[in-house]
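Encoded as structure tokens, the structure appears first; notes follow it.
What follows draws every value from the coordinates through simple rules; no lab data is involved. Being a predicted model, the structure only gives us computed values, none of them experimental. Every residue, glycine as well, gets a Cβ built from its backbone with ideal geometry; the counts of neighbours run over all protein chains shown.
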Amino acid sequence: MSDGNIKRSGAKAPETSTESGPVLRLDHLNISVNTEDGLRPLVHDLSFDLHRGETLAIAGESGSGKSLTSLAIMGLLPPPAVRVTGGSIHFGEQELTTLGESALRQIRGNRIAMIFQEPMTSLNPVMKIGTQLAEAICAHESISFKDARARALAALKSVRLSEPEKRLNQFPHELSGGMRQRVMIAMALALKPDILIADEPTTALDVTVQREVLDLLRDLQREMGTALILITHDMGVVAEMADRVLVMKGGHFVEENDVVSLFSQPREAYTRDLLNAVPCLGDGLASASANKPNEDPYVAELENVVVRFNVRSGILGRVTHRVHAVENVSLNIRKGEIFSLVGESGCGKSTIAKAMVGLVKHSGRIRINGIDISPPYGTIDNQVRREIQMVFQDPMASLDPRMRVGELVREPLVIHGVGSVAEQKRRVEYLFERVGLSRDQIERYPHEFSGGQRQRICIARALALNPKLIIADESVSALDVTVQAKVLVLLKELVSDLGVSFLFISHDMAVVENISDRVAVMYLGQIVEMGSCQQIFGTPRHSYTRRLISAVPTADPTRERQTLARLVGDVPSPVRLISETVPHVTLENAGNGHMIAIE
Amino acid sequence: MANSTSIDPIVTARKEPGILVQIARRKLALFGLFLVLLTVFAAVFAPWLTSFEPNEQMFDGLSIHGAPMPPGGAFLLGTDLLGRDLLTRILYGARTSLIIGVAANGLALLIGTIVGVTAGYFRGWIGSVLMRLTDLMMAFPALLLAICLAAIFQPSLWIVALVIAIVYWVQTARVLYAETASLAEREFIAAERTLGASHIRILVKHILPHLVPTIIVWGTLGISTTVLLEATLSFLGVGVQPPTPSWGNIIFENQTYFQAAPWLVFFPGLAIVTLALAFNLVGDALREILDPTQRGRD
């Protein structure tokens with residue numbers, strides 16, 4: 001990187017031209033980890049400037065060193081293994097890399113604040129919100145606790161939290177994820193820091209909540225003139241928030257540019273790959289061929305499926321509440337079709353999957369390949385199991401770490417007694433090649449693979465018995481975008497080559513649009529809209545579907561977007577008193593199988 | 001698709017050195033292992049290490065006044081009240097201790113594993129019944145129970161081993177219960193269930209291999225406890241019956257003459273302490289090596 005680049009891009013950002021110098025300057029920063037083989041570099045020669053009022057996005061996939069950089073600025077690198085081994089971090093006039101712990105503590109939180117990905121773990125669970133906020137303020141300013149509390153209230157009001165007075169006396173677990181992230185933002189901004197570092201601030205949040213939090217962050221930043229470093233893997237978030245973007249890969253600087261230029265004219269090949277891999281809303285519609293009427297037989301039929309969990313409380317352990325996870329869901333999946341269930345966390349989409357493979361009890365009818373598996377008449381026997389397989393979200397967690405991957409893929413064949421050992425081994429070799437792995441990897445253990453490869457192993461295992469239907473529960477959510485794009489291509493290939501059907505469960509609207517034939521949108525345990533991919537994304541009719549679609553960040557910095565109307569009050573919950581009944585929605589056919597809940 | 005593999009980086013993990021190599025790196029563990037092997041050697045080769053019989057009462061084993069001989073001379077560690085060579089009895093006593101340590105402890109591990117894994121995997125009423133039984137066993141004073149059982153059965157080496165196993169399986173069961181319960185909630189177990197794997201298959205192929213380190217560690221640590229328990233029972237007279245030598249009953253027989261002939265209590269006591277310590281050292285090292293959650297705590 002040359003200095004000329006920085007100046008040119010810096011000059012383009014209007015806020016920076018009025019200020020004298022950068023508020024933060026990283027100069028050839030190196031971070032290394034101390035291993036048995038000596039120092040291994042994690043971040044290599046990273047330099048950038050940050051000006052007042054500017055938003056700099058550091059984008060990159062996992063392992064790119066973006067989070068380590070932010071920790072280095074805060075002086076929070078995990079000692080003693082990881083440390084800064086070269087270069088400097090200038091914060092105004094101060095050099096942060098050589099500053100002692102007590103001096104750093106003066107700066108941390110006060111002048112440079114940070115918010116993390118997971119708001120639940122960054123708040124103290126046994127302290128009330130108000131006390132935590134006031135304590136953070138008292139730590140840096142010599143004001144009375146009462147004044148600090150007043151400031152805390154003002155901070156909560158500024159992040160537009162509903163009923164701020166009530167929130168002061170609540171504990172973190174009483175708030176939803178979005179509210180907790182607002183509290184974190186309030187805490188970070190209460191002291192009016194010069195720099196706010198947001199490390200994947202919305203990754204753990206639902207898409208509609210993410211939208212609100214991002215809007216809030218941007219508004220507050222503009223009001224206060226805080227410089228914001230936004231660390232994210234999501235190019236959509238980058239496009240919407242950033243003034244300038246810095247792309248990193250494997251600890252190395254790739255390129256830096258203002259956001260419009262970077263998205264329109266990426267200079268480096270890696271940036272292009274990264275941008276091309278991002279699934280965008282609208283791509284799927286353009287590429288999808290006209291949906292011909294599908295007359296293939298059903299591989300799964302769900303009819304009025306209900307899953308409820310009892311919540312016991314009190315000394316007698318009586319059932320007082322019920323979680324209505326799935327209420328009256330009916331859907332059919334045809335052979336060779338990718339059917340997607342989409343919805344926000346807690347809407348019951350994963351519970352449907354679990355009911356279909358028998359991991360939770362359900363009432364209503366579920367037929368797999370024509371065989372009824374619902375109690376009291378049917379059960380899941382081995383014949384049914386061969387037809388329906390599942391791929392989980394986290395491939396590392398769903399592979400037994402003590403078994404070789406070849407054995408893991410062979411496992412279903414062994415369980416169902418298919419073929420001789422030699423035949424099974426041949427099948428494993430075929431499956432490995434089918435999912436894009438090589439034969440010589442068969443003898444390795446799961447931890448020797450990358451995330452994408454592990455998910456391929458899981459897919460190979462699911463394919464072993466030639467099932468009719470594979471349930472992919474958030475199977476690509478944990479993967480980096482470039483890897484995710486390749487796995488999605490593989491899934492589509494499997495559908496066209498092998499005629500297998502997929503039930504694809506995801507919260508990611510863009511991914512769903514790119515891969516699905518038909519889509520069902522779930523909200524609080526019920527389907528509110530169902531239809532072909534074109535129907536749902538082209539002409540969404542239900543208000544919740546529209547809300548979901550408009551909340552998705554688009555990787556196009558030039559696009560103007562309307563701000564989303566905020567939901568007021570508490571988030572609706574599927575937990576109800578035992579005496580309450582659930583209002584069931586009625587689906588109405590709007591033509592061509594487009595089902596919409598009547599509002 | 002084939003070229004996509006080249007882009008996904010392969011994460012290579014460093015291969016960890018074997019257990020024996022890691023034990024060899026720890027001086028204390030190596031010392032413990034040496035003591036254990038020494039005891040095993042002594043027990044196996046006892047007839048060749050000494051020229052006396054363990055139960056042989058020798059005329060010159062007692063002084064003219066009928067007192068036991070102090071250490072030194074023909075009797076390296078002296079003789080006991082009946083004129084038997086103490087070293088010989090301690091060497092043969094090592095056999096008793098090791099048999100108890102291995103047999104009783106092995107049985108205890110077996111019971112504990114079956115109870116703990118079953119309760120942890122199935123939970124529900126099976127788990128409740130099994131774990132309440134375990135709680136009951138824990139609440140009952142172990143020594144009292146052992147004495148009761150030993151009094152009911154005719155004491156012999158194998159009965160003592162059985163009694164110790166019945167008292168000692170509880171700890172293993174509790175530890176394995178907790179570990180199995182958390183393993184059973186892991187996603188790869190759910191993945192196996194969706195594949196249609198039977199309970200037995202999941203337990204044997206996917207849960208037990210993860211418990212092996214814990215079982216090894218508890219097995220090793222347990223040997224020292226069982227050896228001590230045997231010594232206690234024998235000392236109380238309900239353990240291994242004379243004339244079969246055991247370290248516990250050597251002390252029991254000679255305790256009244258502690259003032260006059262301290263070596264009769266000191267040497268078998270030293271043997272007990274040494275063996276218990278040795279197994280503890282090895283067990284601790286194994287725990288550090290095999291249990292990743294313990295790493296970095298020392």
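Where does the charge balance sit around B:G32 when Lys and Arg score +1, Asp and Glu -1, over other residues with C-beta under 14 Å from its C-beta? Around B:G32, the surrounding residues sum to +2.
Reported to two decimal places, what Rg/Rh ratio describes the stretch B:130-229 when computed on Cα atoms with Rh from the Kirkwood expression? Write out the running numbers ahead of the final one.
Values: Rg = 17.1 Å, Rh = 15.6 Å.
Answer for the stretch B:130-229: 1.09.
Per residue of A:385-392, other chain Cβ atoms within 10 Å of the residue Cβ number 3 on average.
Shielding value for A:395-401 is 5, the average number of Cβ atoms from other chains within 10 Å of each residue's Cβ.
List every residue whose amide H lies under 5 Å from the amide H of A:I115, counting only residues 5 or more places away in sequence or on a different chain, with H placed 1.01 Å from N in the peptide plane. Hits under the 5 Å cutoff: A:I197, A:A198, A:D199.
Under 5 Å between amide hydrogens, built in the peptide plane, is the criterion, and for A:I442 it picks out nothing among residues at least 5 positions away or on other chains.
The chymotrypsin sites (Phe, Trp or Tyr not before Pro) of the stretch A:318-419 meeting both criteria, a DSSP state outside H, G, I, E and B (loop) and at most 11 other C-beta atoms within 10 angstrom of the site's C-beta, are A:Y377. Listed by Cβ neighbour count within 10 Å, with the fewest neighbours leading, B:C148, A:C347, A:C458, A:C533 appear as B:C148, A:C533, A:C347, A:C458. The alpha-carbon of B:K27 sits under 18 angstrom from the alpha-carbons of these aspartates and glutamates, leaving out residues fewer than 8 places away in its chain: B:D284, B:E288, B:D298. Estimated from helices alone, the mean residue ellipticity of chain B at 222 nm is -21000 deg cm²/dmol (sum of -39500 (n - 2.57) over DSSP H runs with n ≥ 4, per residue).
Entry note, chain A: the mean residue ellipticity at 222 nm calculated from DSSP H runs of n ≥ 4, each adding -39500 (n - 2.57), is -10000 deg cm²/dmol after division by the residues and rounding to the nearest 500.
What is the average number of partner chain Cβ atoms found within 10 Å of a Cβ in B:195-204? Numbers along the way, then the final one.
On the way: counts 17, 16, 6, 2, 0, 0, 3, 2, 0, 0.
The per-residue average across the peptide is 5.
Listed by Cβ neighbour count within 10 Å, with the fewest neighbours leading, A:T208, A:T226 appear as A:T208, A:T226.
GluC sites (Glu not before Pro), restricted to the stretch A:84-161: which are DSSP loop and have at most 14 other Cβ atoms within 10 Å? Could you put the intermediate results ahead of the total?
Details: sites: A:E93, A:E95, A:E101, A:E135, A:E141; in loops: A:E93, A:E141.
Answer in residue order: A:E93, A:E141.
DSSP bridge analysis restricted to the protein assembly as shown gives an antiparallel fraction near 60%, rounded to the nearest 5. For a modelled paramagnetic label at B:N55, 7 Å from Cα along Cα-to-Cβ, the residues of the stretch B:227-257 in reach, with backbone nitrogen under 13 Å, are B:241-246. For chain A, averaging the sequence separation of C-alpha pairs within contact (under 8 Å, six or more residues apart) and dividing by the residue count gives a relative contact order of 15 percent. With a ≥ b ≥ c the root eigenvalues of the C-alpha gyration tensor of the stretch A:366-507, is it rounded (a/c under 1.5), prolate (a/b larger than b/c) or oblate? Judged from the Cα gyration tensor, the stretch A:366-507 comes out oblate (a/c at least 1.5, b/c at or above a/b). Among A:M184, B:M58, B:M69, the ranking by other beta carbons within 10 Å of each residue's beta carbon, starting with the fewest, stands as B:M58, B:M69, A:M184.
With a threshold of 20 Å on the Cα-Cα distance, the over-threshold entries among A:K335/A:K492; A:K468/A:K492; A:K361/B:K205; A:K128/A:K157; A:K66/A:K249; A:K192/A:K249 are A:K361/B:K205; A:K192/A:K249.
Relative to the longest principal axis of the Cα atoms of chain B, the long axis of helix B:208-235 makes an angle of roughly 20 degrees.
Taking trypsin sites (Lys or Arg not before Pro) across the stretch A:322-377, the ones in a DSSP loop with at most 13 further Cβ atoms lying within 10 angstrom of their Cβ are A:K361.
At R0 = 60 Å, how high is the FRET efficiency between B:L28 and B:F122 if r is their beta carbon distance? Nearest 0.05 is fine. Intermediate values should be presented prior to the final figure.
On the way: r = 40 Å, r/R0 = 0.67.
Once the sixth-power term is evaluated, E becomes 0.90.
The local environment of A:Q94, defined by Cβ-Cβ distances under 15 Å, has a net charge of -1 under the rule Lys, Arg +1 and Asp, Glu -1. Each label was represented as a point 7 Å from its Cα along the Cα-to-Cβ direction; for A:I598 and A:L316 these points are 4.0 nm apart. Contact order for the stretch A:127-177, expressed relative to its length and based on alpha carbon pairs under 8 Å spaced 6+ residues apart, stands at 50 percent.
Once the gyration tensor of the Cα atoms in chain A is diagonalised, the equivalent ellipsoid follows with semi-axes of 43, 30, 24 Å, ordered largest first.
Checking the a/c ratio against 1.5 first, then a/b against b/c, what shape does the Cα gyration tensor give for the stretch A:192-342? Display every interim value, and only then the final one.
Details: a/c = 3.12, a/b = 1.38, b/c = 2.26.
Since a/c reaches 1.5 but b/c is at least a/b, the shape of the stretch A:192-342 is classed as oblate.
Taking the C-alpha atoms only, the angle from helix A:451-463 to the longest principal axis of chain A is near 10 degrees.
In the stretch A:157-236, Rg over Rh equals 0.95, where Rg is the alpha-carbon radius of gyration and Rh the Kirkwood radius from pairwise Cα distances. Which residues in the stretch B:242-275 place their backbone N less than 11 Å from a point set 7 Å from the Cα of B:A67 along the Cα-to-Cβ direction? B:260-262, by backbone N distance to the label point. For A:F502, the amide hydrogen comes within under 5 Å of the amide hydrogens of A:E337, A:I338, A:F339, A:I470, counting only partners 5 or more places away or on other chains and with H modelled in the peptide plane. The length gained on full extension between B:L145 and B:S182, counted as 0.36 nm times the residue separation minus their Cα-Cα distance, comes to 10.2 nm.
Please work out whether the stretch A:377-448 counts as rounded, prolate or oblate from its C-alpha gyration tensor, where a ≥ b ≥ c are the square roots of the eigenvalues and a/c under 1.5 means rounded, while otherwise a/b larger than b/c means prolate and anything else oblate? Because a/c hits 1.5 or more and a/b fails to exceed b/c, the stretch A:377-448 counts as oblate.
Take the Cα gyration tensor of chain B, multiply each eigenvalue by 5, square-root it, and list the three semi-axes largest first, rounded to whole angstrom. If you can, show how the numbers build up before the last one.
Values: eigenvalues 423, 122, 36 Å².
Over the Cα atoms of chain B, the semi-axes work out to 46, 25, 13 Å.
R0 = 35 Å: FRET efficiency of A:E493 with B:V204, Cβ-based, nearest 0.05? For R0 = 35 Å, the calculated efficiency reads 0.45.
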